[in-house]
Amino acid sequence: PKAVSLLNIGQGLSPLRRDTTDRNRTSPFAFTSNKFEFRAPGSSQNCGSTIMIINLIVTDAICKIADRITEGFSKLSNPEDLTAKKNVVIKIIQDVLVKHRRIIFNGDGYSDEWLKEAEKRGLPNLRNTPEALAEFTKQKNIALFEKFKVLSKEELTSRRMIMYEEYTKQVLLEAKVLENLTKTHVLPAAYKHQKDVAQAVSAVKIISDKLDTSAQLEDLKTVTELTNSALKHSKELHDLLAEDHRRTESGSESGGYTDFVERAQFALDKIIPAMNKLRDDDDKLEDVVNDEYLSLIHI
């Protein structure tokens, strides 16, 4: 059998089994063989701000550990005793690992199992961007940024507002594109498919009323129902986009948005659910209509 490769950390700590696979692909911080990989940001995201925050968190953690080590050394009866110093360090590392091991999960990070387990472990679960951005300017986080003179409260607040605006504009852009694609590509293909099936059924009936066309009629019914649903949900999305425009142009006293946060919440609570409904209709229509009519396939 193949020998198990171990990663020796040293300093009296147990070695880690070296895993040559990427089994932790679903982890935001995947440990692969001999390194950690940060996989949370999307492919289009700039990692600069994220890395800044990670470095800040790591710096704060190291400072706290260093302070504990300094305090532990100061209590030694013999400051030159290297074995005693080593024991102080090992004890602190053990304490840190025991306290924070709840963040370690080697299962599927995308699964409902992890959501339940994380909640049981008392870990926060921020499920969307507005929810995450709300944490950005909490007092403990402001204090951390100011402690190391990275960003001031005013700088954090301004960046938070920019991120809210970026999020909202991205959602609205995607919503407008979805509405346009539905009206100019998906629905025209559905209409052509409906026409083909209806004409085929009519042609068969002209030859003989006794011929069974139930399957064709069921196909026509399916496409018609999906087309009606897509039309309905497309109008709902269109009306929500119009409402967003009206509220953006109006003052808060006239029903307009009071700030970027409220607009981002509208995008999350109203626009995205409407997009998901329309997207579901479009996907189902693409599965049943004739591929020759799906113009996007042939671009």
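The values are calculated or read from the model by the stated rules, or taken from the named source; none is laboratory data. Fair warning: this is a prediction, and the values are worked out from it, not measured in the lab. Note that we place each Cβ from the backbone using ideal geometry, even for glycine, and neighbour counts take in every protein chain shown. Side chains are part of the model used for accessible areas, which takes the heavy atoms of the whole protein and leaves out ligands, DNA and RNA. Shrake-Rupley method; radii C 1.70, N 1.55, O 1.52, S 1.80 Å.
Output the number of residues of the stretch 190-230 satisfying the condition of being open to solvent by less than 70 Å² (accessible area, probe 1.4 Å), touching a helix residue (DSSP H, G or I) at 6+ places or on another chain (Cβ under 8 Å) and not in a helix (DSSP H, G or I).
Of the residues in the stretch 190-230, 1 are open to solvent by less than 70 Å² (accessible area, probe 1.4 Å), touching a helix residue (DSSP H, G or I) at 6+ places or on another chain (Cβ under 8 Å) and not in a helix (DSSP H, G or I).
What's the number of the condition K120 fails, among (1) in contact with a helix residue (DSSP H, G or I) (Cβ under 8 Å, 6 or more places away or on another chain); (2) open to solvent by 60 Å² or more (accessible area, probe 1.4 Å); (3) of a type in the set (K, R)?
(1)
From the list T168, T137, T184, which one is of a type in the set (V, I, T) and over 28 Å from L296 (Cβ atoms)? Please lay out each step first, then the result.
Values: T168 fails: over 28 Å from L296 (Cβ atoms); T184 fails: over 28 Å from L296 (Cβ atoms).
Sole residue among the options that is of a type in the set (V, I, T) and over 28 Å from L296 (Cβ atoms): T137.
Can you say whether E253 is charged (D, E, K, R), open to solvent by less than 80 Å² (accessible area, probe 1.4 Å), part of a helix (DSSP H, G or I) and farther than 19 Å from K176 by Cα, as far as the supplied structure shows?
Numbers: charged (D, E, K, R): yes; open to solvent by less than 80 Å² (accessible area, probe 1.4 Å): no; part of a helix (DSSP H, G or I): yes; farther than 19 Å from K176 by Cα: yes.
For E253, the condition - charged (D, E, K, R), open to solvent by less than 80 Å² (accessible area, probe 1.4 Å), part of a helix (DSSP H, G or I) and farther than 19 Å from K176 by Cα - is not met.
Checking the condition within 30 Å of A132 (Cα to Cα) and of a type in the set (S, T, Y), which residue from T83, T50 passes?
On the way: T83 fails: within 30 Å of A132 (Cα to Cα).
Of T83, T50, the one residue that is within 30 Å of A132 (Cα to Cα) and of a type in the set (S, T, Y) is T50.
Please go through the stretch 172-189 and pick out each residue that is under 17 Å from Y293 (Cβ atoms), open to solvent by 30 Å² or more (accessible area, probe 1.4 Å) and among the polar types (S, T, N, Q). Spell out the reasoning first.
Start the filter on the stretch 172-189 by keeping residues that are under 17 Å from Y293 (Cβ atoms), which leaves 181-189.
From what is left, the residues that are open to solvent by 30 Å² or more (accessible area, probe 1.4 Å) are 181, 183-185, 188.
Result: T184, single match.
What number of residues within the stretch 276-290 satisfy the criterion of being open to solvent by 60 Å² or more (accessible area, probe 1.4 Å) and in contact (Cβ under 8 Å) with a residue 12 or more places away in the chain? Show your work before the answer.
Going residue by residue through the stretch 276-290, those that are open to solvent by 60 Å² or more (accessible area, probe 1.4 Å) are 276-277, 279-280, 284, 286-287.
In the following step, the residues that additionally are in contact (Cβ under 8 Å) with a residue 12 or more places away in the chain were identified as 277, 279, 284, 286.
Counting residues in the stretch 276-290 that are open to solvent by 60 Å² or more (accessible area, probe 1.4 Å) and in contact (Cβ under 8 Å) with a residue 12 or more places away in the chain gives 4.
Kindly check whether there is at least one residue in the stretch 76-84 that is in a loop (DSSP other than H, G, I, E, B), of a type in the set (S, T, Y) and modelled with pLDDT under 90. I'd like the intermediate steps shown before the answer.
Filtering the stretch 76-84 down to residues in a loop (DSSP other than H, G, I, E, B) leaves 76-81.
When the remaining residues are screened for being of a type in the set (S, T, Y), the result is 77.
Still in the list and also modelled with pLDDT under 90: none.
No, that holds for no residue.
Per-residue answers, yes or no, for (1) in contact with a strand residue (DSSP E or B) (Cβ under 8 Å, 6 or more places away or on another chain); (2) in contact (Cβ under 8 Å) with a residue 40 or more places away in the chain; (3) of a type in the set (D, E, K, R):
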position: T227; (1), (2), (3): no, yes, no
position: E236; (1), (2), (3): no, yes, yes
position: A267; (1), (2), (3): no, yes, no
position: P273; (1), (2), (3): no, no, no
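Just to be sure I understand the filter: pairs with C-beta atoms under 9 Å, separated by 6 or more residues or on different chains, first member in the stretch 150-171 and farther than 11 Å from R263 by Cα and open to solvent by 40 Å² or more (accessible area, probe 1.4 Å), second member modelled with pLDDT of 95 or more and not in a helix (DSSP H, G or I). Which pairs pass?
R159/L151
Just to be sure before I move on: is H233 within 21 Å of Q170 (Cβ to Cβ) and assigned to a helix (DSSP H, G or I) in the structure I sent? Before you say what the answer is, go through the steps one by one.
Working: within 21 Å of Q170 (Cβ to Cβ): yes; assigned to a helix (DSSP H, G or I): yes.
For H233, the condition - within 21 Å of Q170 (Cβ to Cβ) and assigned to a helix (DSSP H, G or I) - is met.
Report whether or not D259 is open to solvent by 80 Å² or more (accessible area, probe 1.4 Å), charged (D, E, K, R) and modelled with pLDDT under 95.
Values: open to solvent by 80 Å² or more (accessible area, probe 1.4 Å): no; charged (D, E, K, R): yes; modelled with pLDDT under 95: yes.
Answer is no for this residue.
Can you name the residue in the stretch 43-57 that is within 15 Å of the chain's Cα centre (by Cα) and of a type in the set (S, T, Y) and is also most open to solvent (accessible area, probe 1.4 Å) among such residues?
Taking the candidates together, the pick is S43.
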